[in-house]
1. Looking at segment 458-487 only, could you name the residues that are touching a Leu at 6+ places or on another chain (Cβ under 7 Å) and over 24 Å from Val557 (Cβ atoms)?
2. So Thr549 fits all but one of (1) more than 22 Å from Ala434 (Cβ to Cβ); (2) open to solvent by 80 Å² or more (accessible area, probe 1.4 Å); (3) in a helix (DSSP H, G or I); what number is the exception?
3. Would you check if there is a residue in segment 425-438 being within 18 Å of Lys575 (Cβ to Cβ) and acidic (Asp, Glu)?
4. What is the number of the single condition among (1) touching a strand residue (DSSP E or B) at 6+ places or on another chain (Cβ under 6 Å); (2) in contact (Cβ under 8 Å) with a residue 40 or more places away in the chain that Ala568 does not meet?
5. Restricting the search to segment 585-602, which residues are free of Cβ contacts under 8 Å to residues at least 40 places away in the same chain and in contact with a Pro (Cβ under 8 Å, 6 or more places away or on another chain)?
6. Looking at Thr210, Thr158 in this structure, which one is β-branched (Val, Ile, Thr) and either touching a His at 6+ places or on another chain (Cβ under 6 Å) or assigned to a helix (DSSP H, G or I) (or both)?
7. Pairs under 7 Å by beta carbon, first residue under 19 Å from Gln506 (Cα atoms) in segment 464-476, partner open to solvent by 50 Å² or more (accessible area, probe 1.4 Å) and not aliphatic (A, V, I, L, M), six or more apart or different chains?
8. Is it the case that Leu560 is assigned to a helix (DSSP H, G or I), over 17 Å from Glu473 (Cα atoms) and not polar (S, T, N, Q)?
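The values are calculated or read from the model by the stated rules, or taken from the named source; none is laboratory data. Quick caveat, the model's predicted, so the values are computed rather than measured. Reconstructed Cβ throughout: ideal geometry from the backbone, glycine too, with neighbour counts over all protein chains shown. In case anyone asks, the SASA skips ligands and DNA or RNA and just uses the protein heavy atoms, side chains included. Shrake-Rupley method; radii C 1.70, N 1.55, O 1.52, S 1.80 Å.
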Amino acid sequence: MENKTMPQKPWFYYYFVTLLIVLFFNAMFGPRILEKQVTEVGYNEFLERVEEGKVEQVAMDQTQILFTVKGDTKDIFKTGIWPDPSLGERLEKANVKFAAEIPKENTPLQNFIISWVLPILLFIGLGQLASRYMMKRMGGNAMTFGKANAKIYAEKETGKTFADVAGQDEAKEALLEIVDFLHNPTKYTEIGAMIPKGALLVGPPGTGKTLLARAVAGEAKVPFFSISGSEFVEMFVGMGAAKVRDLFKQANEKAPCIVFIDEIDTIGKKRDGAGMIGGNDEREQTLNQLLSEMDGFDGHKGVVILAATNRPESLDPALLRPGRFDRRIPVELPDLAGREAILKVHAKNIKVHTDVDFHAVARATSGASGAELANMVNEAALRAVRMGRKMANQSDFEESVEVVIAGYQRKNTILSPRDKEIVAYHEIGHALVAASQRDSAPVTKITIVPRTSGALGYMMQVEEEESFLMSKEQIENKIATLAGGRAAEEVIFGRITTGASNDIEQMTKLARSMVSRFGMSEEFGMVAMESINNKYLGGDATLACSEATAGKIDEAVMTLIRKAHERAKAILEDKKEKLHELSKYLIEKETITGEEFMEIMKNGKPKASAE
Ligand code: ADP
Ligand code: MG
Ligand code: ZN
């Protein structure tokens with residue numbers, strides 16, 4: 001287990017620092033304040049000074065005489081009363097002022113306050129000012145409670161609204177009711193309606209679940225308490241439960257408010273009952289505490305619990321029962337319009353040239369999450385700065401898309417001429433197969449500039465429009481396109497390289513899904529033989545069939561792939577000349593656009609390349 005929080009400093013560390021500061025304070029200012037001390041002198045000494053004309057002021061009461069001396073603003077002297085009728089006359093002669101009152105000596109209590117209490121208060125005050133300032137700068141994560149690792153973050157105002165969340169209209173719609181309830185709980189309670197206590201935001205990472213939760217609090221203008229499930233994992237037994245109790249106590253005091261539990265799957269995993277020794281005790285206790293808190297609190301008060309997860313299927317069913325997280329709000333990957341909207345929301349924070357076509361960028365980023373799109377906008381801005389531009393333009397955005405998809409260009413990696421040649425034929429192989437089939441997305445870019453992700457080159461295809469369904473032919477074409485790289489190596493060089501490993505992985509996955517999930521094979525028909533786990537996290541499949549059937553599935557997959565491979569090879573044999581021509585051009589240019597590619601496909605080498 002990894003402990004990400006800083007080690008706690010021991011308590012005496014803070015006392016020590018305070019002590020040091022107080023001592024420093026005393027040394028600096030002590031003398032001036034404290035030395036207003038009263039010195040006792042004899043009556044005859046007092047008289048002597050009066051004679052000498054040194055006494056400046058005198059004050060007296062029934063028991064004592066206080067006086068100050070010329071040229072000494074600090075010290076006060078004191079002497080007893082003496083039956084001396086001539087004193088008044090003598091004082092007048094010496095030109096002494098009669099004061100009504102001379103500042104008195106500090107009492108021990110005053111001394112204590114000045115030298116200890118004040119500096120400590122000052123110290124604490126300064127510390128709070130400083131920490132409040134820091135928290136403002138850190139985005140308002142004010143107040144953390146408790147000593148355990150799991151921190152409760154409380155924000156008075158999240159400052160986010162639904163306008164900050166682009167797309168996700170269904171999710172927003174579903175959350176709107178909660179916002180309304182937090183605004184005006186009586187409207188709902190009067191009629192007797194119970195608003196759901198909890199809603200579960202479910203979706204892949206980076207789709208804006210955390211953002212949405214904060215936007216709900218921002219829209220409703222209520223405080224936002226949040227805690228992340230993953231922080232519970234590293235705690236001692238009993239701490240997690242205490243923390244949950246603490247969280248709900250805080251929330252109840254501040255109602256109406258939002259309580260947000262991020263990554264709830266880490267505490268809310270299915271309990272596996274007896275059998276496990278020790279092990280998950282802590283998690284179970286935390287989960288039980290959460291369940292009982294959810295049941296215990298009064299739904300009318302206006303505490304709404306939101307939670308987020310990207311593995312909903314692993315949640316304990318108890319969490320999903322009515323009265324708990326009975327509402328499930330899907331937060332899916334954005335579609336074309338959603339992506340465009342997200343790009344635009346984030347582009348507001350940077351300077352963008354008017355030539356930028358966000359629609360085109362959105363089209364090229366099918367499957368990207370909101371977080372990735374936000375990252376792309378930032379990359380575009382960074383690239384503009386690197387290029388010495390004041391605004392990000394279309395080329396910055398195009399490059400940033402590739403950075404997020406394929407990693408940075410690895411400018412200092414130099415491919416040997418031989419490798420470069422192989423990579424070029426490989427990529428053109430993909431592109432030629434794609435372009436020679438109906439129903440496959442147009443080629444938009446081919447490059448053999450290596451990327452930090454390890455790709456030595458790639459071919460980019462962008463769909464004309466977003467489609468949610470794929471036909472059997474389209475999948476077959478895609479598999480053949482993926483096989484095109486290896487096929488080109490075989491057709492031209494007669495030997496094969498490791499360059500196709502990623503292609504092979506993808507085509508196998510596709511072919512397998514055709515057989516076991518999409519019902520697209522003749523042998524099996526519409527029988528599901530695999531189920532997908534962790535749909536939002538890449539989705540690993542579990543076989544649900546006998547071993548004999550599994551063997552047959554493998555055979556069917558191999559047949560599909562062999563057919564696609566053969567088709568790719570046939571296409572490339574047929575277009576060998578174009579393959580040579582295009583590859584030579586690519587080796588020369590390193591990157592070519594879809595238009596250049598199509599031009600050479602139709603009319604041969606463009607004249608511009610003669611430069
Ligand atoms: P999740 O919690 O689902 O993993 P986050 O809410 O943490 O995702 O999103 C990460 C970041 O991605 C956000 O801070 C935001 O900048 C960006 N983002 C994600 N989805 C959207 C969206 N729909 N609109 C605007 N920005 C988004
Ligand atoms: Mg999150
Ligand atoms: Zn390839």
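1. Glu466
2. (2)
3. Checked segment 425-438: at least one residue is within 18 Å of Lys575 (Cβ to Cβ) and acidic (Asp, Glu).
4. With (1) touching a strand residue (DSSP E or B) at 6+ places or on another chain (Cβ under 6 Å); (2) in contact (Cβ under 8 Å) with a residue 40 or more places away in the chain applied to Ala568, the lone miss is (1).
5. Answer for segment 585-602, where residues must be free of Cβ contacts under 8 Å to residues at least 40 places away in the same chain and in contact with a Pro (Cβ under 8 Å, 6 or more places away or on another chain): Glu596, Glu599, Ile600.
6. Just a single option satisfies the conditions, and that option is Thr210.
7. That search, which allows pairs on different chains as well, returns Glu473/Asp439; Gln474/Asp439.
8. No, not satisfied.
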